[in-house]
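The structure under discussion appears below in the form of structure tokens.
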Amino acid sequence: MQRFAGVDYLHIDSQFNEQELLVRQTARQFVEDRVVPVVREAFREACFPRHLIPEMGRLGFLGANLEGYGCAGMSNVEYGLVMQELERGDSGVRSFVSVQGGLVMYPILTYGSEEQKERWLPKLQSGEAIGSFGLTEPGFGSNPAGMLTRARRDGSSWVINGEKTWITNGAMADVSLVWARSEDGIRGFLVEKGTPGFSASELHGKLSMRASDTSSLSLAECRVPASSMLPAAQGLKAPLSCLSQARYGIGWGVIGAAMDCYETARQYTITRKQFDNKPIASHQLVQEKLAWMITEITKAQLLALQVGRLKDQGRAEPAHISMLKRNNVAIALECARLSRDLLGANGIMDEYPIMRHMCNLETVKTYEGTDHIHALVIGERVTGIPAYK
Ligand SMILES: Cc1cc2nc3c(=O)[nH]c(=O)nc-3n(C[C@H](O)[C@H](O)[C@H](O)COP(=O)(O)OP(=O)(O)OC[C@H]3O[C@@H](n4cnc5c(N)ncnc54)[C@H](O)[C@@H]3O)c2cc1C
């Protein structure tokens, strides 16, 4: 397989500045040299390639679009391009970076005390510490407002009781941001590994996101100091604002997975011969699938770029990000399915990245707001009528 040279049908590269192209090249090379050689084995073994974490820290990928505390201060478009390249490697690697930056560092920076920022952000940026984000519960996924996890104040501590599940990085995390309902509404708590009453256990049996740690968190009379609460995060809008950050990265990331599937299928169909020794790419039905994919990838690139530019201008709305996440995940998943088809039997083998991407994208469709929920967000934006219940 040749080195990945990108997919740019409509000269969209001309819309990126030099710095953006440089950042993308750095991420692309990292994925080519460090992720691609190990990811198949990581997926087989259901194991996150932890040795990549400090390397990603050194390259500035962790909390990349945040300012201060050692963060790279990238623009949102630069950050999006990093996510695109990482997810070309594997959605699990991109998920690690999304959670660490968008769901742990962003809330500490936005809602945390100065002490919390100084304590955690430099370590999370370098990869010395790992973070997780605990919002989902066994009974409350799409509707986190129903959460049962409770925090009660007891002198100078908070005592937390509840269960969280499907938590990315959960078992690896040095610090978990746990959302719980208190007397004054939903609050976020930084719970450190080893705190009595807190435990994390990895979920086994996943056929998707195998190269990612997904865990359940249990909190039983878990006592944390008052200083572990994020002081400025009050109500559900705080965790939802974090999800907007992470969803934005997903909207770019999945383009990478789609590009990898498309490019693998394109190269395969040009060399694979059937019927009169002709490449299968010479058949009209095959070309129709390639044409569909390159068209949808190009539209996804334009959507991501526009939302990225809006985000850099402070004009991106959650409903814009919903359209980006929903559309781009859907087309990436369809690209994976079509590409798998074009490789015939070879398409099911992990020698090729397609089936791994396809399995991963099933998770990406569900997490950070399902396809349905983002349709409802867009529906509310254009009608003014919420239809969630
Ligand atoms: C690998 C993985 C990693 C994850 N990482 C994290 C993490 O780090 N932190 C975290 O907090 N969570 C995480 N999640 C959880 C994820 O965010 C939830 O799975 C997601 O929000 C959906 O919740 P659910 O699985 O309970 O599905 P449900 O909410 O039960 O939904 C099931 C189906 O019902 C549909 N549905 C529900 N309500 C409506 C409605 N009103 N209208 C129409 N359709 C509806 C959904 O769209 C979906 O199709 C992760 C999940 C996975 C699989």
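Each value in this text was obtained by applying a stated rule to the coordinates, not by laboratory testing. The structure displayed is predicted, hence computed values, not measured ones. Cβ: placed from backbone, ideal geometry, glycine included. Neighbour counts: every protein chain shown.
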Quiz item: Can you give the extra length, in nm with one decimal, that the chain gains between Glu115 and Arg337 once fully stretched, where that is 0.36 nm per residue apart less the Cα-Cα distance?
Solution: 75.2 nm
Exercise. Could you sort 377-385, 51-59, 244-252 so that the peptide with the highest average Cβ count within 10 Å comes first and the rest follow in order?
Key: 244-252, 51-59, 377-385
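Can you list which of the GluC sites (Glu not before Pro) found in region 114-208 are DSSP loop residues with at most 16 other C-beta atoms within 10 Å?
Glu128, Glu183
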Self-check item: Computed label-point distance, nm, for sites Arg315 and Phe140 using a 7 Å Cα→Cβ extension
Solution: 3.6 nm
Quiz item: If each residue's Cβ is checked for other Cβ atoms within 10 Å, how do Cys71, Cys359, Cys335 rank with the fewest at the top?
Solution: Cys359, Cys71, Cys335
Quiz item: What is the local net charge at Ile331, summed over the other residues whose Cβ is closer than 12 Å to its Cβ (Lys, Arg +1; Asp, Glu -1)?
Solution: +2
Quiz item: Kirkwood Rh, Cα Rg: Rg to Rh for region 293-375?
Solution: 1.05
Quiz prompt | Histogram of C-alpha separations across region 1-122, 10 Å bin width, % | solution = 13, 42, 31, 13, 2
Exercise. List, largest first, the extents of the alpha carbons of the chain along their principal axes, each in whole Å.
Key: 81, 45, 42
Practice problem: Rank these for me by crowding, Val307, Val38, going from fewest to most other beta carbons within 10 Å. | Solution: Val38, Val307
Self-check item: Between helix 76-89 and the chain: long-axis angle, C-alpha atoms, 0 to 90°, nearest 10
Solution: 70 degrees
Quiz item: What list of whole percents do you get for P(r) of region 176-268, with Cα-Cα distances grouped in 5 Å bins up to the one holding the largest distance?
Solution: 3, 10, 15, 15, 17, 15, 10, 6, 4, 3, 2, 1
Quiz item: Stokes-Einstein at 4 °C, 1.567 mPa s, Kirkwood radius from Cα pairs: D for region 195-346 in µm² s⁻¹?
Solution: 68 µm²/s
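Exactly which chymotrypsin sites (Phe, Trp or Tyr not before Pro) in region 263-332 are in a DSSP loop and have at most 13 other Cβ atoms within 10 Å? Mind dumping the intermediate values first?
On the way: sites: Tyr268, Phe275, Trp292; in loops: Phe275.
Of the chymotrypsin sites (Phe, Trp or Tyr not before Pro), the ones in loops of region 263-332 whose Cβ has at most 13 other Cβ atoms within 10 Å are Phe275.
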Quiz item: Quick one: Asp184, Asp174, fewest Cβ neighbours within 10 Å first, how do they rank?
Solution: Asp184, Asp174
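Okay, helix-only estimate at 222 nm for the chain: each DSSP H run of n ≥ 4 adds -39500 (n - 2.57), divide by all residues, round to 500 deg cm²/dmol; what do you get?
So the helix-based figure for the chain works out to -16000 deg cm²/dmol.
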Practice problem: For region 105-139 and region 1-59, write down the distance between their C-alpha centroids in whole Å. | Solution: 24 Å
Self-check item: Virtual spin-label span in nm between Arg150 and His11, 7 Å along Cα→Cβ
Solution: 6.4 nm
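Before anything else, pin down the relative contact order of the chain: Cα pairs under 8 Å, at least 6 apart, normalised by residue count, whole percent. Mind showing how you got there, number by number?
Values: 707 pairs, mean separation 67.3, N = 389.
Worked out over the chain, it gives 17 percent.
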Exercise. Return the loop-located trypsin sites (Lys or Arg not before Pro) in region 182-236 (DSSP other than H, G, I, E, B) with at most 12 other Cβ atoms within 10 Å of their own Cβ; answer none if there are none.
Key: none
Self-check item: For region 241-389: relative contact order, % (alpha-carbon pairs under 8 angstrom, 6 or more apart)
Solution: 30 percent
Self-check item: Sequence-separation-based contact order of region 316-389, relative, with Cα cut under 8 Å and 6+ spacing, percent
Solution: 37 percent
Practice problem: Let me know the Rg and Dmax you get for region 126-167 when you use only its Cα atoms, in Å. | Solution: 13.1, 35
Quiz prompt | Counting all C-alpha pairs of region 65-121, share separated by more than 15 Å (%) | solution = 51 percent
Self-check item: Within region 140-163, backbone nitrogen closer than 18 Å to the virtual label 7 Å beyond the Cα of Gln234 toward Cβ
Solution: 151-153
